[in-house]
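Notes to accompany the following structure.
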Amino acid sequence: MSEATKQAVRPLVDTAESRRPIGLLFVAIPVFLVIWLVIWPAINAISRTVWRKDKSGEMGFDLSSYAFFFSDSYSLDNLSITLWTTLVCAILLLMICLPIALYLRFSRGRLAAYVQALAIFPMFVPSIILAFAFIRVLGPNGMVDILFNAVDLPKIRTPYLTPWGPVIGLVWDNIPLTVLILLAGLGSVANQSIEAARDVGANAVQVFWHIILPRISNSILVALSFSVLGIFSSFTLPYLLGPASPEMLGPFMQRTLREVQDPVGAMTQAVIAFGFCIVFGLFYVRSVARSREK
Amino acid sequence: MSVLHIAEVTKTFSAGAKAVDSFSLDVADGELVCLLGPSGSGKSTLLRMVGGFEQPTSGSITIDGEDVTHLPPERRPTGMVFQSHALWTHMNVFKNLAFGLKLRRMPAAEIRDKVEAVLDLVGLAGYGDRMTTQLSGGQQQRVALARSLVLEPKILLLDEPFASLDQHLRERLREEVRDIQQRLGITTLFVTHGQDEALSMADRIVVMANGKTEQIDRPDVVYRDPKTPFVAGFIGSMNLIDGEVRNGYFMRSDLTVQLQVPDGPATLAIRPESLDVTASDTPKASVHRVTDYGSHGLVDLDLADGTRLKSMVAHPDLFRAGQGVDVFPRAIAAYRDNQQIYRS
């Protein structure tokens, strides 16, 4: 075989043994960063919370920090409010983002473009500015109060510093990512599939329930997994908008470390948060695996 | 008895372009009518208007005397087979077929009987448990057809159903679909841009161009007696020669054909099989290329001014490139101002 012929039959994706090290090198950098910045700190934190010195100064297996967390009502309240906030945010995100995504998928024209721009807009607003805007609008003596006062209406019961404060902020913050993932999922539902369903007699609700929803269930799981992971471990918005007690795990960890100066307690909280996130993450991995199988 | 009546239907899109322009058609009970035309001729838009997926700007559509013009697709007695099959990949074959029946709240036993009967009809008995993604293109198209047939629609609408299939499968399926259609006696409107499909399947062909009807006739009539130069050029292979008529003769380059029409410009239409060629010492044309198809041959000819003609010959081996030949048209048609003015 001549040199020219050899080049001509070279496949598009070269799997030759000699080229494998280059591919592995590309993969190695992110893998190394994940190991260094995520896996190692996680293993380190877990080991430091379960393998530590006792009162006599001897190293040993010790689950007392976990026992304390799960027996301390304040810690459990904080875990409960974190789970509650995550759950409520997930439900609200689905209720808000699914209609927006459906509208954007099946609408054409200028209005749909404006709606899409508005839905994506929060992605470009930093959380701290969002929190400030929230306080100025919905906080005590905020814009809504001023407007109500101008028309002789009573003051609103502000959600600021209540569990609903972080919920509103986090939902707003997570709308763009959720809409984009759902929109990508809806993109795989062909117009003719929907028309075929209408042709056999399905109305709009039946088309949604029997045709669209089964086709985007993986996208919904992926969107919710991403949102839930972000919300569960969020810090800025719960810290700025949420109540002081009970508080979400993010601010709780920070306060335990800085103010209470209990690094083992903070690490225990982090490990517990990490455990919950792994469960949510498994949903995401399962969804991706299922969609690959299809 | 299911009769489709389309009266003066026009569809104008937002940009102002008319996709369908004052289209009228009556389809008799059990008839298969093909809408044939090039891309952008409005045939699919018209079919979608009958199915309820597009709303006409004006005009009316009635089925068995009932005005369905403004009814949504789910309330029309029509069944549509889509070009891309449009099967629901998250359901197996049985569920694809049973979905419409379930929506009609039919008892489960009856649904099973009906689905199995229709699967048998389309040659897919025993395929109910298969996922649609496990089927070949031809089997998927059969499932799509079965999904429409199981609901026993009054009008069956086929939107280029074989476009995504290979030639061999397409030929086999069109015979099967025609057999099923005739067996069930279902009134059918069929959109295609393949003239072979239209000529082999249809009771009548509607040739469309730019949203308008060019001709509605039986397939043999459309082929043998095209009423407009567009139809003449679109259906089958045709030599269309622009020229001038003077004193009862059409003239173009060295080609002269007797044509008893008033003087003026005209377009002459001659099928390749109606154009005889013979070797000549006083040639009117020269052979450009000879193609041997086995059963017959095709000779490409050039007139002196470069006009290219095609002639179908029984013995292509008698001709060679560069050879001088004489041409003799046997059957001709002539057109002026988009109207047929002569036919022999």
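Scanning the range B:297-344 for residues that are among the acidic types (Asp, Glu) and surrounded by 13 or more Cβ atoms within 10 Å (Cβ to Cβ) turns up B:Asp300, B:Asp302, B:Asp326. For the range B:195-208, residues that are of a type outside the set (S, T, N, Q), in contact (Cβ under 8 Å) with a residue 40 or more places away in the chain and under 18 Å from B:Ser237 (Cβ atoms) total 4. Exactly one residue out of B:Leu151, B:Leu156 is part of a loop (DSSP other than H, G, I, E, B) and either within 14 Å of another protein chain (Cβ to nearest Cβ) or in contact with a strand residue (DSSP E or B) (Cβ under 8 Å, 6 or more places away or on another chain) (or both), and it is B:Leu151. For B:Gln141, the criteria (1) within 14 Å of chain A (Cβ to nearest Cβ); (2) of a type outside the set (Ser, Thr, Tyr); (3) in a loop (DSSP other than H, G, I, E, B) hold in every case but one, which is (3). All told, B:Thr45 meets the bar of being more than 20 Å from A:Val200 (Cβ to Cβ) and within 14 Å of chain A (Cβ to nearest Cβ).
When only residues in the range B:178-208 that are in a strand (DSSP E or B) and more than 12 Å from the chain's Cα centre (by Cα) count, which is surrounded by the most Cβ atoms within 10 Å (Cβ to Cβ)?
Only one residue tops the list, namely B:Thr188.
B:Thr62 fulfils the conditions (1) surrounded by fewer than 19 Cβ atoms within 10 Å (Cβ to Cβ); (2) modelled with pLDDT under 95 except for a single criterion, (2). Selection over the range B:103-113 of residues that are part of a helix (DSSP H, G or I) and within 9 Å of chain A (Cβ to nearest Cβ) gives a count of 1. When the range A:192-223 is filtered for residues that are touching a residue at least 12 places away in the same chain (Cβ under 8 Å) and polar (S, T, N, Q), the ones remaining, listed by number, are A:Ser193, A:Asn218, A:Ser219.
This table checks each residue for (1) surrounded by 21 or more Cβ atoms within 10 Å (Cβ to Cβ); (2) in the same structural domain as B:Pro219 (by TED's automatic domain parsing); (3) closer than 17 Å to B:Ile205 by Cα.
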{"residue": "B:Lys11", "(1), (2), (3)": "yes, yes, no"}
{"residue": "B:Asp21", "(1), (2), (3)": "no, yes, no"}
{"residue": "B:Leu25", "(1), (2), (3)": "no, yes, yes"}
{"residue": "B:Leu35", "(1), (2), (3)": "yes, yes, yes"}
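For the range A:114-130, check the following and say yes or no: at least one residue is over 28 Å from A:Thr268 (Cα atoms), in the same structural domain as A:Ala270 (by TED's automatic domain parsing) and either in a loop (DSSP other than H, G, I, E, B) or basic (Lys, Arg) (or both). The answer is yes; a qualifying residue exists.
Screening the range A:131-217 for helices (runs of 4 or more DSSP H) wholly inside it with 2 or more residues that are in the same structural domain as A:Gly230 (by TED's automatic domain parsing) and crowded, with 19+ Cβ neighbours inside 10 Å returns the ranges A:164-187, A:191-199.
Within the range B:1-37, being touching a helix residue (DSSP H, G or I) at 6+ places or on another chain (Cβ under 7 Å) and within 22 Å of B:Phe162 (Cα to Cα) holds for B:Leu32, B:Cys34, B:Leu35, B:Leu36, B:Gly37. Of the set (1) surrounded by fewer than 17 Cβ atoms within 10 Å (Cβ to Cβ); (2) modelled with pLDDT of 90 or more; (3) not in a strand (DSSP E or B), all apply to B:Asp281 but (2).
Within the set B:Ala331, B:Ala321, B:Ala266, the sole residue that is outside the structural domain of B:Pro38 (by TED's automatic domain parsing), more than 25 Å from B:Gln195 (Cα to Cα) and not in a strand (DSSP E or B) turns out to be B:Ala321. Can we say B:Gly52 is surrounded by fewer than 17 Cβ atoms within 10 Å (Cβ to Cβ), within 23 Å of the chain's Cα centre (by Cα) and on the phi > 0 side of the Ramachandran plot? Here the answer is no, as B:Gly52 does not meet what is asked.
Total residues in the range A:36-74 satisfying the condition of being free of Cβ contacts under 8 Å to residues at least 24 places away in the same chain, small (Gly, Ala, Ser) and in a helix (DSSP H, G or I): the figure is 5.
Checked against the criteria, A:Phe226 does not count as in contact (Cβ under 8 Å) with a residue 60 or more places away in the chain and aromatic (Phe, Trp, Tyr).
Check off (1) in contact with a Leu (Cβ under 9 Å, 6 or more places away or on another chain); (2) without any contact (Cβ under 8 Å) to a residue 40 or more places away in the chain; (3) at negative phi for B:Asp120 and give me the number that stays unchecked. Result: B:Asp120 passes all but (1). Comparison of B:Thr267, B:Thr278 shows that the only residue that is within 18 Å of B:Ala321 (Cβ to Cβ) and either touching an Asp or Glu at 6+ places or on another chain (Cβ under 8 Å) or not small (Gly, Ala, Ser) (or both) is B:Thr278. Of the residues making up the range B:76-88, just one is more than 8 Å from chain A (Cβ to nearest Cβ) and surrounded by fewer than 21 Cβ atoms within 10 Å (Cβ to Cβ), namely B:Pro77.
Taken over the range B:159-177, the residue count meeting the criterion of being among the hydrophobic types (A, V, I, L, M, F, W, C) and in a helix (DSSP H, G or I) is 3. Of the residues contained in the range B:239-251, one or more are found to be assigned by TED's automatic domain parsing to the domain that holds B:Leu301, hydroxyl-bearing (Ser, Thr, Tyr), more than 12 Å from the chain's Cα centre (by Cα) and surrounded by fewer than 22 Cβ atoms within 10 Å (Cβ to Cβ). Comparison of A:Thr268, A:Thr256 shows that the only residue that is crowded, with 16+ Cβ neighbours inside 10 Å and either more than 22 Å from the chain's Cα centre (by Cα) or within 14 Å of chain B (Cβ to nearest Cβ) (or both) is A:Thr256.
Within 30 Å of A:Leu161 (Cβ to Cβ), part of a helix (DSSP H, G or I) and in the same structural domain as A:Ala184 (by TED's automatic domain parsing): is that true of A:Leu111 in this structure? No; evaluated as a whole, the condition is false for this residue.
Of all residues in the range A:166-219, count the ones that are within 14 Å of another protein chain (Cβ to nearest Cβ) and among the β-branched types (Val, Ile, Thr).
Number satisfying all stated conditions: 8.
The values are calculated or read from the model by the stated rules, or taken from the named source; none is laboratory data. All values reported here derive from a predicted model rather than from experimental measurement. Reconstructed Cβ throughout: ideal geometry from the backbone, glycine too, with neighbour counts over all protein chains shown.
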